[in-house]
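S.K.: Input: one structure, supplied below.
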Amino acid sequence: MALAAKLQLRQSQSLVMTPQLMQSIRLLQLTHVELQAFIDVEIERNPLLERMSGDTDLEDSAAEVDASGGSDASGEWFETDIPPTAEIMADRFDSSIDNLYPDEPGSAERCGPGLADQWKSAGGAGAGSSTRGSSDGYDIDDFANSKVSLREHVSEQIAFAFEATADRLVAAELAGELDESGYFRGDLDDIAKRLEIPRRTVLSVLDTCQSFEPTGLFARDLAECLGLQLRAKDRLDPAMAKLVANLELVARRDFVTLRRLCGVDAEDMVDMIAEIRGLDPRPGSAFTTGVAEIVIPDVIVRAASDGSWLVELNADTLPRVLVDNAYFAQVSSRATETRDREFLSECMQNANWLSRSLDQRAKTIMKVATEIVRQQDAFLAHGVRGLRPLNLKTVADAIGMHESTVSRVTANKHMHTPRGVFELRYFFTAAIQSVEGGESHSSESVRDRIKAMIDAEGTENVLSDDSIVDMLRKAGIEIARRTVAKYRDALRIPSSVQRRREKTAVLAATSGVDRPGGRRAPSIDKLKATG
């Protein structure tokens, strides 16, 4: 078989991801904050792009006022052809310009030594300039971030608690090992070895640091943190110490074993657990310096007068970008070199493409949000129980788009509804089949049903997972027991055994009655309120 080189023509179709197409896809999944940052970079790069501000009309009206009556109004004060010097203004105001503006260069010398010294002692020009600078550069975010941090709070107490410099250095090393909750996560042996001091010295400094406010700082675990707070309240008796040392039994609601270890009855046990729940397990969380971010919705849904729903985009999140065609015409007419004309042509093409991409992005978000509202109108009217099963394919088929496009649109986007602000992904839930083949139920609505059932149970009828399954099947919901257990764990609801132990202990306690033991048993409502 002979081998020979041949030329062949072949026609085929392929999907090519151009840079413009990739940019449009990328813009879909950006949040409004990331989109604003992206547009800022494009405006700096492209001279034909400009941001349209909301004060454009005010600036235009001010320009019209200046053009119509600005010269006449200013003519009443001084002639337009004479510059406003200090001498002319002093004659007009019948006062010295040096006394009006003492921070003017050279004014302190002209005012005389006595006044100059008074001016300097009062702050002088530096004070005036700093005041003006602070008012011009005031930022509400800087004010919010001025909260005292945990490290600063501890450093202030170290300065007053220790006189010796060596102890302050050890305390600073211990403070460097605090986590955001105020727990000491370091190793005493490593610190002693690093500082070349005995371990007992480090332990002594740690004991002093554990007396800092808020009580519980520098604790090495949860039990020590709670013990420090109880000792400060003079409530760390032997029974309470046993309870703190067996917190794992408290988590399992094993009150029978706890009563035997602590040597108390059921009434005292309920009171002790109520005291434990009233403590702060994270004493350092109050000094968290992070600023809570405000969620700005991209879509706003309101009820219309005819019973329907109005869907609109949030104008605050929409980017306002304009293509300066006048500037392009002015500059392109003066461009003589080929390289300049190519640069201007590329800038115009990119600007037009960005403008169209932003417009297409807004239309796509509007389409997806409108379809979500149409599918989940029962949720808007009746709450979580009206949430229907929904997936990306259903929305994509309804609006004639691909599932990947809907997925990008719903990523990191939020919707403001009469029920609150929700992420668009919240409305997409799995389907749980009906018993008789009827309409499926949303997994989120089933979670809400399970929570309502457990909240309504009493001491004598604590619902097991099997009982919940039977009750849901009677309501027409086909669900497996493992699914109920998974939903219950997601809602942080203990098992039926643990709930029964807790309810039995509460029932056994005498509500609101003083007892000879010195403790007062809290009421059932109070115990529920504490956790």
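S.K.: Tell me which residues, restricted to the range 360-413, are assigned to a helix (DSSP H, G or I) and charged (D, E, K, R).
M.R.: Initially, the range 360-413 is screened for residues assigned to a helix (DSSP H, G or I), giving 360-375, 377-382, 384-386, 392-399, 403-410.
The answer is Arg361, Lys363, Lys367, Glu371, Arg374, Asp377, Arg385, Lys393, Asp397, Glu403, Arg408.
S.K.: Name the residue, out of Asp455, Asp466, that is under 31 Å from the mean Cα position of the chain (by Cα) and at pLDDT below 90.
M.R.: The match here is Asp455.
S.K.: Take the residues in the range 271-298 that are among the charged types (D, E, K, R) and out of contact with any Lys or Arg (no Cβ under 7 Å at 6 or more places or on another chain), then tell me which one is modelled with the lowest pLDDT.
M.R.: Quick first cut of the range 271-298, residues among the charged types (D, E, K, R) only: 271, 275, 277, 280, 282, 293, 298.
Those left that are additionally out of contact with any Lys or Arg (no Cβ under 7 Å at 6 or more places or on another chain): 277, 280, 282, 293.
On the way: Arg277: 86, Asp280: 90, Arg282: 90, Glu293: 68.
If we take residues in the range 271-298 being among the charged types (D, E, K, R) and out of contact with any Lys or Arg (no Cβ under 7 Å at 6 or more places or on another chain), then Glu293 is modelled with the lowest pLDDT.
S.K.: Ok, one more. Restricting to the range 425-477, give me the number of residues that are assigned to a helix (DSSP H, G or I) and β-branched (Val, Ile, Thr).
M.R.: Residues flagged as assigned to a helix (DSSP H, G or I) and β-branched (Val, Ile, Thr) within the range 425-477 amount to 5.
S.K.: Only one of (1) loosely packed, with under 12 Cβ neighbours inside 10 Å; (2) not in a loop (DSSP other than H, G, I, E, B) is not met by Gly307, so which one is it?
M.R.: Among (1) loosely packed, with under 12 Cβ neighbours inside 10 Å; (2) not in a loop (DSSP other than H, G, I, E, B), the lone unmet condition for Gly307 is (2).
S.K.: Just to be sure I understand, how many residues within the range 7-34 are among the aliphatic types (A, V, I, L, M), surrounded by 13 or more Cβ atoms within 10 Å (Cβ to Cβ) and either at pLDDT 80 or above or outside any helix (DSSP H, G or I) (or both)?
M.R.: Here is the first cut: in the range 7-34, the ones among the aliphatic types (A, V, I, L, M) are 7, 9, 15-17, 21-22, 25, 27-28, 30, 33.
Subset that is surrounded by 13 or more Cβ atoms within 10 Å (Cβ to Cβ): 21, 25, 27-28, 30.
Pick out the ones that are also either at pLDDT 80 or above or outside any helix (DSSP H, G or I) (or both) and you get 25, 27-28, 30.
Of the residues in that region, 4 qualify.
S.K.: Conditions: (1) part of a helix (DSSP H, G or I); (2) closer than 13 Å to Tyr426 by Cα; (3) in contact with a Ser or Thr (Cβ under 6 Å, 6 or more places away or on another chain). Ser357 meets all but one. Number of the miss?
M.R.: (2)
S.K.: Which residues, taken from the range 419-445, are in contact with a Leu (Cβ under 7 Å, 6 or more places away or on another chain) and over 27 Å from Leu28 (Cβ atoms)?
M.R.: Ser445
S.K.: Just name the residue that is farthest from the chain's Cα centre (by Cα) out of those in the range 162-176 that are in a helix (DSSP H, G or I) and under 18 Å from Arg200 (Cβ atoms).
M.R.: Here the answer is Ala166.
S.K.: Spot the failing condition for Ile273; the list is (1) surrounded by fewer than 16 Cβ atoms within 10 Å (Cβ to Cβ); (2) under 30 Å from Leu247 (Cβ atoms); (3) under 38 Å from the mean Cα position of the chain (by Cα), and only one is missed.
M.R.: Evaluating Ile273 over (1) surrounded by fewer than 16 Cβ atoms within 10 Å (Cβ to Cβ); (2) under 30 Å from Leu247 (Cβ atoms); (3) under 38 Å from the mean Cα position of the chain (by Cα) leaves (1) as the failure.
S.K.: Please specify each residue of the range 233-246 satisfying the condition of being part of a helix (DSSP H, G or I) and either within 13 Å of Glu275 (Cα to Cα) or among the polar types (S, T, N, Q) (or both).
M.R.: Ala239, Met240, Ala241, Leu243, Val244
S.K.: Right, something else. Taking the condition in contact (Cβ under 8 Å) with a residue 24 or more places away in the chain, over 15 Å from Val299 (Cα atoms) and not hydroxyl-bearing (Ser, Thr, Tyr), does Leu380 pass? Give the steps one after another, and end with the answer.
M.R.: On the way: in contact (Cβ under 8 Å) with a residue 24 or more places away in the chain: yes; over 15 Å from Val299 (Cα atoms): no; not hydroxyl-bearing (Ser, Thr, Tyr): yes.
No.
S.K.: Still on this model: Does any residue of the range 273-285 turn out to be outside the structural domain of Met415 (by TED's automatic domain parsing), closer than 23 Å to Phe218 by Cα and of a type in the set (A, V, I, L, M, F, W, C)?
M.R.: yes
S.K.: Continuing with this model, one more query. Being in contact with a helix residue (DSSP H, G or I) (Cβ under 8 Å, 6 or more places away or on another chain) and within 14 Å of Arg320 (Cα to Cα) is the filter here; which residues of the range 336-359 pass it?
M.R.: Leu354, Ser357, Leu358
This table checks each residue for (1) touching a residue at least 40 places away in the same chain (Cβ under 8 Å); (2) closer than 29 Å to Ala475 by Cβ; (3) among the hydroxyl-bearing types (Ser, Thr, Tyr).
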site	(1), (2), (3)
Thr370	yes, no, yes
His402	no, no, no
Val435	yes, yes, no
Ser442	yes, yes, yes
Arg447	yes, yes, no
Ile450	yes, yes, no
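S.K.: Can you tell me which condition Arg199 does not meet? The list is (1) loosely packed, with under 14 Cβ neighbours inside 10 Å; (2) among the basic types (Lys, Arg); (3) under 32 Å from the mean Cα position of the chain (by Cα), and all the others hold.
M.R.: (3)
The values are calculated or read from the model by the stated rules, or taken from the named source; none is laboratory data. Since the model is a prediction, treat every value here as computed from it, not as a measurement. All Cβ positions, even for glycine, are placed from backbone atoms using ideal geometry, and neighbour counts span all protein chains on display.
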